[in-house]
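Here's the structure we're looking at; comments come further down.
The values are calculated or read from the model by the stated rules, or taken from the named source; none is laboratory data. Quick caveat: nothing in here was measured; it's all calculated off a predicted structure. Here the Cβ is made from the backbone with ideal geometry for all residues, glycine too, and neighbour counts use every protein chain on show. These area figures cover heavy atoms from the full protein model, side chains too; ligands, DNA and RNA do not enter into them. Shrake-Rupley method; radii C 1.70, N 1.55, O 1.52, S 1.80 Å.
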Amino acid sequence: MNYEDYHHLNHVKEQQTSKKTLWFTLMLTLFFTIVEIVGGLMSNSLALLSDSAHMISDVIALGLSMAAIYMAARKPNQKYTFGFLRFEIIASFLNGLALAVIAVGIIVESIKRMIHPQEVDLQLMLLIASIGLVVNLVLTVVLSRSTREEENLNVKSALWHFIGDLLSSVGVITSAVLIHVTGYSFFDPLISMIIGGIIFAGGAKIIRESHLILMESVPEKFDLDAIRRDINGVEGVEDVHELHLWSISTDHYSLTAHVFVREDIQPFCVILAINHILKTKYGIAHTTIQIEHPAMHDHGEYGKQFMLQRA
């Protein structure tokens, strides 16, 4: 008879709030992106077109984020034993990378426009930028509320996108006002360069966060030395080694450790005590604790030194 593999934790992530938020955000963003592209071409405003390029990246990012949420809800199988939670992080990494590339393109085009200035339609530019300001303000508030309800790196990255969009809209409006007052069209590419810098900073932040998870680094919220001390403090534990702590996805953590225990201590009690500390104090529920003894398990020079100190 075939049995499904049993998991103590369900390696899925149901995120109904994030799903509804992202669908609403995606539809509204897609609509305004089209408006901004048409308006940017008609007004010949680079600041508006650079903002629309950012909006295109938002649409792609939100599409990836939606795919990640649906993938994360799929159950583990024989091949993907952790489920599909990691797709959320892959999507975030790609989003950040796309942002950085677009930002570089905007900055390059801005430099070209500063060398060869072009006329812009200020009224149309100002009208569309004002609409964009309202749209981005609404989306920023919606996403901000969603991140307070559910932990999701994709929604966080989307929020960062729209904070950047909000600042971009302010930048475009400022650019239009400055050109109208001074008559100098170089403010358009200058503001575009600032927008490009904002986009690049957001992309770099998302890349860094997702890269740390993909590299299975210790999450920043945890102090590995403190965890080691707490495990060492459990009665019967004499040494902790091979201690690994990493994120599968945002708010899904895994920990493995090997421990030497005294022979007179019941090993199951040690495991129970360690798991209790990890879950109640640190919120780490997915753990694998391996009980060992250097006299029976080969640990090379490390084991010899431990035995000498013990003696």
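Here are the criteria: (1) farther than 16 Å from Ser254 by Cα; (2) modelled with pLDDT of 90 or more; (3) open to solvent by 60 Å² or more (accessible area, probe 1.4 Å); (4) in a helix (DSSP H, G or I). Tell me which single one Phe200 does not satisfy.
(2)
Only one of (1) assigned to a loop (DSSP other than H, G, I, E, B); (2) closer than 30 Å to Gly96 by Cβ; (3) open to solvent by less than 60 Å² (accessible area, probe 1.4 Å) fails for Ser210. Which number is that?
(1)
Going through Glu238, Glu301 one at a time, which residue ends up being more than 30 Å from Arg208 (Cα to Cα) and surrounded by 15 or more Cβ atoms within 10 Å (Cβ to Cβ)?
Being more than 30 Å from Arg208 (Cα to Cα) and surrounded by 15 or more Cβ atoms within 10 Å (Cβ to Cβ) holds for just one of Glu238, Glu301, which is Glu238.
Kindly establish whether Ser217 is open to solvent by less than 50 Å² (accessible area, probe 1.4 Å) and assigned to a loop (DSSP other than H, G, I, E, B).
So Ser217 passes the test.
What is the residue count in the range 113-144 for residues that are over 18 Å from Val177 (Cβ atoms), open to solvent by 70 Å² or more (accessible area, probe 1.4 Å) and touching a residue at least 60 places away in the same chain (Cβ under 8 Å)?
Qualifying residue count, the range 113-144: 2.
With the structure loaded, tell me whether Ile248 is open to solvent by less than 60 Å² (accessible area, probe 1.4 Å) and at pLDDT 95 or above or whether it fails that test.
no
I need the full set of residues from the range 34-57 which are at pLDDT below 70 and of a type in the set (D, E, K, R), in order please.
Hit for the range 34-57 is Asp51, nothing else.
All but one of (1) open to solvent by 10 Å² or more (accessible area, probe 1.4 Å); (2) modelled with pLDDT under 80; (3) within 15 Å of Pro189 (Cα to Cα) hold for Trp160, so report the exception by its number.
Against the list (1) open to solvent by 10 Å² or more (accessible area, probe 1.4 Å); (2) modelled with pLDDT under 80; (3) within 15 Å of Pro189 (Cα to Cα), Trp160 comes up short only on (3).
Being modelled with pLDDT under 85, out of contact with any Leu (no Cβ under 7 Å at 6 or more places or on another chain) and over 17 Å from Ala201 (Cα atoms) is the filter here; which residues of the range 98-113 pass it?
Correct list: Lys112 only.
Name the pairs: first residue in the range 86-97 and open to solvent by 10 Å² or more (accessible area, probe 1.4 Å), second residue modelled with pLDDT of 85 or more and of a type in the set (Val, Ile, Thr), Cβ to Cβ under 9 Å, at least 6 apart or on different chains?
Arg86/Ile213; Phe93/Ile207; Phe93/Ile213; Leu97/Ile207
Among (1) surrounded by 24 or more Cβ atoms within 10 Å (Cβ to Cβ); (2) modelled with pLDDT of 80 or more, there is one condition Arg229 misses while meeting the rest; what is its number?
(1)
Among the numbered criteria (1) touching an Asp or Glu at 6+ places or on another chain (Cβ under 9 Å); (2) loosely packed, with under 15 Cβ neighbours inside 10 Å; (3) more than 24 Å from Val181 (Cα to Cα), which one does Met71 miss?
Exception for Met71: condition (2).
Among the residues of the range 76-85, is any crowded, with 19+ Cβ neighbours inside 10 Å and in a helix (DSSP H, G or I)?
no
Conditions: (1) loosely packed, with under 15 Cβ neighbours inside 10 Å; (2) among the hydrophobic types (A, V, I, L, M, F, W, C); (3) closer than 14 Å to Ile128 by Cβ. Met55 meets all but one. Number of the miss?
Answer for Met55: the failing condition is (1).
Sort through Ala61, Ala91 and tell me the only one that's modelled with pLDDT of 80 or more, in a helix (DSSP H, G or I) and within 20 Å of Trp23 (Cβ to Cβ).
It is Ala91.
Identify, from the list Val234, Val172, the residue that is at pLDDT 85 or above and over 19 Å from Leu94 (Cα atoms).
Step by step, each of Val234, Val172 is checked, and only Val234 is at pLDDT 85 or above and over 19 Å from Leu94 (Cα atoms).
Whether any residue in the range 99-109 is part of a loop (DSSP other than H, G, I, E, B) and more than 20 Å from the chain's Cα centre (by Cα) is what I want to check.
Looking for residues that are part of a loop (DSSP other than H, G, I, E, B) and more than 20 Å from the chain's Cα centre (by Cα), one finds none in the range 99-109, hence no.
Which ones in the range 179-189 are open to solvent by less than 60 Å² (accessible area, probe 1.4 Å) and among the hydrophobic types (A, V, I, L, M, F, W, C)?
Ile179, Phe187
If Val108 satisfies every condition in (1) of a type in the set (Val, Ile, Thr); (2) surrounded by fewer than 20 Cβ atoms within 10 Å (Cβ to Cβ); (3) touching a residue at least 24 places away in the same chain (Cβ under 8 Å) but one, which is the exception?
Val108 satisfies every listed condition except (3).
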